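Throughout, read-outs are computed from the coordinates displayed, never taken from laboratory work. Since we're looking at a predicted model, the values are computed, not measured. Counting neighbours? That spans all protein chains shown, and the Cβs are built from the backbone with ideal geometry, glycine included.
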Amino acid sequence: MGFLSKLKEGAMELQSQLSSQVKQFKNKNFADGTMAVCALVAAADGTIDPDERRKTASFISSNDTLAVFDVSQLQSTFNSFCDKLTKDFDFGKIDLLQVISKLKKTPPQARAAIQVGIIIGNADGNFDAEEKKVVREICQSLDIDPSDFDL
């Protein structure tokens, strides 16, 4: 089995495990924290272009992992967070990290939100250095060792 096949198989397995976990976490803090993670990963390079925003919103609505939530509410929250990042990236980032940090109280939820961020980063087939850096920052804001996720 080639490297890319193993990578794809690993991503599919991660998503399957995550889908079963997320059903246990159906609450506002998890939904908001996860959308904040998605927005930060989408804007990892400091900007969020309309195409990237649209693709991430589409991924959110079609992803089985997040199917337990109201998709229109998730997209609304995601778009609101993207607007914050577009208006003022630095302050928006601080605000979103605060939203994410609410998941610290429940480590399994925090870890699941990180996994969603990794899936979003891998959605285009290229989990680049900037996206990894943002996910590492998210891990640190949750007091989770990034090496737990090979970051």
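Phi angles of segment 108-124 translate, via the Karplus equation with coefficients 6.51, -1.76, 1.60 and θ = phi - 60°, into HN-Hα couplings of x, 5, 4, 5, 5, 5, 4, 4, 4, x, 5, 4, 4, x, 8, 4, 8 Hz per residue; Gly and Pro are given as x. Under the simplified labelling scheme, the Ser141-Asp90 pair shows an inter-label distance of 1.6 nm, with each label point 7 Å from Cα along Cα→Cβ. With N counted as the residues of segment 27-149, its alpha-carbon radius of gyration over 2.2 N^0.38 Å works out to 0.93. Would you work out which of Ala57, Ala110, Ala42 lies farthest towards the positive end of the dipole of segment 27-149, given +1 charges on the beta-carbon of Lys and Arg and -1 on that of Asp and Glu, about the Cα centre? Comparing the listed Cα positions along the dipole, Ala110 ranks first.
Using the Cβ-Cβ distance between Ser101 and Ser62 with R0 set to 35 Å, the FRET efficiency from 1/(1 + (r/R0)^6) comes to roughly 0.80. Cross-link partners for Lys28 among the lysines, with Cα-Cα distance under 29 Å and sequence neighbours closer than 8 places in the same chain left out: Lys55, Lys84, Lys87, Lys93, Lys102, Lys104, Lys105, Lys132, Lys133.
Translational D (Stokes-Einstein, µm²/s) of segment 60-119 at 25 °C and 0.890 mPa s when Rh comes from the Kirkwood sum over C-alpha pairs? Estimated diffusion coefficient is 195 µm²/s.
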